[in-house]
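J.: Just passing along the structure, written as structure tokens.
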């Protein structure tokens, strides 16, 4: 699909470029041809009205102009030749051919392309004589041929240049779409994989539950397994729905002024028991009276995700620290620090991606890799930034939110 979109983009661009180049060069060629023709006709008109006897150009003017005149009788017979020093007018046979070709043409002016001559036809005011005034258009033809060749070369070079630019822009403009498409495909594959395991467990236990050969104690185990996997699947589906709502912008996020200090304290309170049960120390440093405009439940969910992540991946007997501070730059900083295996640079670059679990330890914690993705989307929804760094055996997650 992406390849077809790129080809379509290039074809549309090149069609527009080709039409524009054709129109521009066509106008240049036509205007140039028209101007050269007007100049040539103007010269012939000036030559025909030179001082002297009406219908007979002044000989002094003739010698300085690149024109010559053939005078014909009413029947088309050549009766006189007048010319400048630019032409050899001794070939009477050739002059007769020129006269005969022009005499049969009713147009007041024209071009003899075989001879590279342009002419105008004048009839004497008194009498039946006809004057055919010629000028050479070799330079005009040469100029036009050179212009056409130049336009073709420039057009070809421009076409190739625009083609390369179009290819570059096609790949550059479709890169975000390709990345989104690849992420979507990977997301579907990962979600299917995560749903496959609990579905397999539920199906297997349901089949065993329907078998009459197992005692009631075993049946209770099968039922417990089915219930556990069902709850696990429900949690995964709820996380997927949350992500879908955040991505589509359809989630109802009502932003109001609320007490962020109280909300963070309330969100962290249930984790005292969790950390105690896991043998972890938990410290909190929550600055009081910090107010924030946002959605309280969504930001509390971010606190839950970060503390749950710290509970899962802290070293045994380690320490978890939660802090909430107001900064001088009219922002609020939420920080969760836990002792544990340091997150590598590669993991830090990918940890907020969906279904990402960087190492075996993280893969064994019954985590789907969606929590941090949800937290990142929620923070971005509030115009904030979430980041992670590791130093001295501690992993530090920092959320910065504008007030």
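J.: Regarding the stretch 311-321, can at least one residue be identified that is within 18 Å of residue 401 (Cβ to Cβ) and in contact (Cβ under 8 Å) with a residue 12 or more places away in the chain? Walk me through it before giving the result.
T.: Within the stretch 311-321, the first condition is being within 18 Å of residue 401 (Cβ to Cβ), and the residues that meet it are none.
No, the stretch 311-321 has no match at all.
J.: Still on this structure, I have one more. Of the residues 250, 218, which is closer than 24 Å to residue 376 by Cα, touching a helix residue (DSSP H, G or I) at 6+ places or on another chain (Cβ under 9 Å) and at pLDDT below 85?
T.: On the way: 218 fails: closer than 24 Å to residue 376 by Cα.
Only one candidate qualifies: 250.
J.: While we're on this one: Quick check: anything in the stretch 376-386 surrounded by fewer than 20 Cβ atoms within 10 Å (Cβ to Cβ), modelled with pLDDT of 90 or more and farther than 30 Å from residue 192 by Cβ?
T.: yes
J.: Still on this structure, please answer the following. Of all residues in the stretch 321-346, count the ones that are more than 26 Å from residue 294 (Cα to Cα) and more than 36 Å from the chain's Cα centre (by Cα).
T.: Counting residues in the stretch 321-346 that are more than 26 Å from residue 294 (Cα to Cα) and more than 36 Å from the chain's Cα centre (by Cα) gives 5.
J.: Okay, next question. For residues that are in a strand (DSSP E or B) and at pLDDT below 85, scanning just the stretch 106-130, find the one that is surrounded by the fewest Cβ atoms within 10 Å (Cβ to Cβ). Let's see the steps before the verdict.
T.: Step one: of the stretch 106-130, the residues in a strand (DSSP E or B) are 109-112, 117-123, 130.
Imposing the further condition that a residue be at pLDDT below 85 reduces the set to 122-123, 130.
Values: 122: 19, 123: 14, 130: 21.
Per the stated criteria, the residue is 123.
So that you can scan it fast, the table gives a plain yes or no per residue for (1) at pLDDT 90 or above; (2) over 42 Å from the mean Cα position of the chain (by Cα); (3) not assigned by TED's automatic domain parsing to the domain that holds residue 117:
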{"residue": "9", "(1), (2), (3)": "no, no, no"}
{"residue": "20", "(1), (2), (3)": "yes, no, no"}
{"residue": "25", "(1), (2), (3)": "yes, no, no"}
{"residue": "28", "(1), (2), (3)": "yes, no, no"}
{"residue": "45", "(1), (2), (3)": "no, yes, no"}
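Per-residue answers, yes or no, for (1) more than 32 Å from the chain's Cα centre (by Cα); (2) not assigned by TED's automatic domain parsing to the domain that holds residue 28:
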| site | (1), (2) |
| --- | --- |
| 113 | yes, no |
| 119 | yes, no |
| 122 | yes, no |
| 128 | yes, no |
| 136 | yes, no |
| 149 | yes, yes |
| 154 | no, yes |
| 161 | no, yes |
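J.: Is there a residue in the stretch 210-222 that is under 44 Å from the mean Cα position of the chain (by Cα) and either touching a residue at least 24 places away in the same chain (Cβ under 8 Å) or not in a strand (DSSP E or B) (or both)?
T.: No; the residues of the stretch 210-222 include none that is under 44 Å from the mean Cα position of the chain (by Cα) and either touching a residue at least 24 places away in the same chain (Cβ under 8 Å) or not in a strand (DSSP E or B) (or both).
J.: Does residue 56 satisfy the condition of being at pLDDT below 80 and either within 16 Å of residue 130 (Cα to Cα) or surrounded by 18 or more Cβ atoms within 10 Å (Cβ to Cβ) (or both)?
T.: yes
J.: Collect the residues in the stretch 262-296 that are surrounded by 13 or more Cβ atoms within 10 Å (Cβ to Cβ), in a helix (DSSP H, G or I) and free of Cβ contacts under 8 Å to residues at least 60 places away in the same chain, keeping them in residue-number order. Please lay out each step first, then the result.
T.: Keep residues of the stretch 262-296 that are surrounded by 13 or more Cβ atoms within 10 Å (Cβ to Cβ), which gives 262-268, 271, 274-275, 278, 280-282, 284, 286-287, 290-296.
Next, from what is left, pick out any that are in a helix (DSSP H, G or I): 262-268, 271, 274-275, 296.
Matches in the stretch 262-296: 262, 263, 265, 266, 267, 268, 271, 274, 275, 296.
The values are calculated or read from the model by the stated rules, or taken from the named source; none is laboratory data. The structure presented is a predicted model; accordingly, all values stated were derived computationally and were not measured. All Cβ positions, glycine included, derive from the backbone under ideal geometry; neighbour counts span all protein chains shown.
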